């Protein structure tokens, strides 16, 4: 067998230096691979998928959502306990609860904060309503409660107004 000189690979000892010398090529190759991946994973329509099912994570363009988003309105609500309203800040989520005591309350005090707890059943009028504004309480010791402005769907706003006219309202933080 004849004698051969040792085989040496160019640049094999310093791969990091070689990469730095050819930095532009590496960046260009990386951008090309990224672009190809984005094109391959681009948005699909329902016609592009097999069996009419769409791939997860890809929005279907041109189709309306299955459930219409309700239009939100601002509803001012008078809460019976003014001290509870002081805890609220804009952006908080609350449930609005109405007591079935009627407009006069269980003990006959019209619009008062005091009353018999067993005077009527409680029902949730609005769930997850967003607090948009908490006006300053002008009469902090008053028995008339405090006002809070909630963002709710239009039909829920109508229920809140109806419940506020005949019941005492309270809020719970969500």
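The values are calculated or read from the model by the stated rules, or taken from the named source; none is laboratory data. A quick note: this is a predicted structure, and the numbers were derived from the prediction, not measured. Note: ideal-geometry Cβ built from the backbone for every residue, glycine included; neighbour counts use all protein chains shown.
Details
- Remark: pairs (first residue in the stretch 65-80, assigned by TED's automatic domain parsing to the domain that holds residue 126; second residue assigned to a loop (DSSP other than H, G, I, E, B) and at pLDDT 90 or above; Cβ separation under 7 Å; 6+ apart in sequence or on different chains) = 80/168.
- Identity of the residue in the stretch 22-77, more than 31 Å from the chain's Cα centre (by Cα), loosely packed, with under 10 Cβ neighbours inside 10 Å and modelled with pLDDT under 60, that ends up nearest to residue 149 (Cα to Cα): 47
- Restricting attention to the stretch 112-125, the residues that are surrounded by fewer than 14 Cβ atoms within 10 Å (Cβ to Cβ) and modelled with pLDDT under 80 total 4.
- Subset of the stretch 126-154 that is over 14 Å from residue 76 (Cα atoms) and modelled with pLDDT of 90 or more - its residue that is surrounded by the fewest Cβ atoms within 10 Å (Cβ to Cβ): 128
- Hits in the stretch 71-81 (condition: part of a loop (DSSP other than H, G, I, E, B) and touching a helix residue (DSSP H, G or I) at 6+ places or on another chain (Cβ under 7 Å)): 71
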